[in-house]
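Readers should treat all values here as calculations from the given coordinates under stated rules, not as data from a laboratory. Computed from a predicted model, the values in this text were never measured in an experiment. Here the Cβ positions follow ideal geometry from the backbone for every residue, glycine too, while neighbour counts run over all protein chains shown.
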Amino acid sequence: MSKRDVTDVYTEFGEKRLPPGQRETSRFPVLSKGGTPKWNKETWKFEVWGAVENPLTLSWEEFIDLPSETQVQDFHCVTGWSKLDCTWTGVTFPTLAEHAQVRDDATHVMFYGMDDYSTDLPLAECMRDEMLFTWEYEGEPLEPDHGGPLRVVMPHRYAYKGAKWVTGVEFLTEPERGYWEKRGYSQTANPWNEERYS
Ligand SMILES: Nc1nc2c(c(=O)[nH]1)N[C@H]1C(S)=C(S)[C@@H](COP(=O)(O)O)O[C@H]1N2
Ligand SMILES: [Mo]
């Protein structure tokens, strides 16, 4: 399978690959607000609802049957560590949005995780090929602590915008705040502007 390298996304924001105030780590720390939820392949369901023409309910098999790709991305945690050159396989947000037929009045998106996590983004920030629903890291099934079976990753925002254990996507017609955004984290979360808190 071909790999799409999107590690040059930083050039949109300046000349530095490592955003200000970040240091590179070769480890992959786990950061969760609580424990790692359990899941069951038979009952796992992924739902898309809200401002869409075609709400979706997908089983695990149906989800991983969607057109997928492998990407190399950088990962920036708001607490100050960055992990470069992560290889992920999954479905891009635009691919999923096309299946759901997003309505013209949709402006924002809320992602929901099985641990009662949520995180919000403007629709325009999501409609990028680098916004990925992934089930595979470095060629292996995504570990439960890192959000397996399915999580969101993106290189252009702090990683709290990527819901682990994601099972729901809601298209909104006005902004709402997710779990950390309600607790003081930035809604915009651009690492190159150090948008950490609001
Ligand atoms: N569902 C869920 N997603 C989440 C979190 C969480 O607690 N629950 N933590 C966020 C934060 S703050 C970060 S930095 C990354 C951490 O991902 P990792 O544990 O794989 O390093 O996941 C994000 N997504
Ligand atoms: Mo984080």
- Message: VAL109 - would you say it is within 14 Å of the chain's Cα centre (by Cα) and either within 21 Å of SER186 (Cβ to Cβ) or more than 16 Å from ligand 2 (Cβ to nearest atom) (or both)?
- Response: yes
- Task: Select from the range 100-119 the residues that are away from ligand 1 (no atom under 16 Å from the Cβ) and buried (at least 16 other Cβ atoms within 10 Å of the Cβ) and list them in ascending order.
- Result: ALA100, VAL102, ALA106, HIS108
- Filtering the range 57-75 down to residues that are in a strand (DSSP E or B) and either polar (S, T, N, Q) or buried (at least 16 other Cβ atoms within 10 Å of the Cβ) (or both) yields THR57, LEU58, GLU69, THR70, GLN71, GLN73, ASP74, PHE75
- Query: Exactly one of (1) under 11 Å from the mean Cα position of the chain (by Cα); (2) in a strand (DSSP E or B) is unmet by THR167. Its number?
  - Reply: (1)
- Message: Residues that are closer than 16 Å to THR89 by Cα, more than 9 Å from ligand 1 (Cβ to nearest atom) and among the aliphatic types (A, V, I, L, M): does the range 159-169 have at least one?
- Response: no
- Query: Restricting attention to the range 170-185, which residues are within 15 Å of ligand 2 (Cβ to nearest atom), surrounded by fewer than 20 Cβ atoms within 10 Å (Cβ to Cβ), assigned to a loop (DSSP other than H, G, I, E, B) and not small (Gly, Ala, Ser)?
  - Reply: TYR179
- Item | The one condition in (1) part of a loop (DSSP other than H, G, I, E, B); (2) within 15 Å of ligand 2 (Cβ to nearest atom) that ASP145 fails to fulfil | (1)
- Message: If I filter the range 24-39 for residues that are closer than 25 Å to ASP105 by Cα, out of contact with any His (no Cβ under 6 Å at 6 or more places or on another chain) and surrounded by 12 or more Cβ atoms within 10 Å (Cβ to Cβ), do I get at least one hit?
- Response: no
- Message: Residues that are under 29 Å from VAL102 (Cα atoms) and more than 16 Å from ligand 2 (Cβ to nearest atom): does the range 22-39 have at least one?
- Response: yes
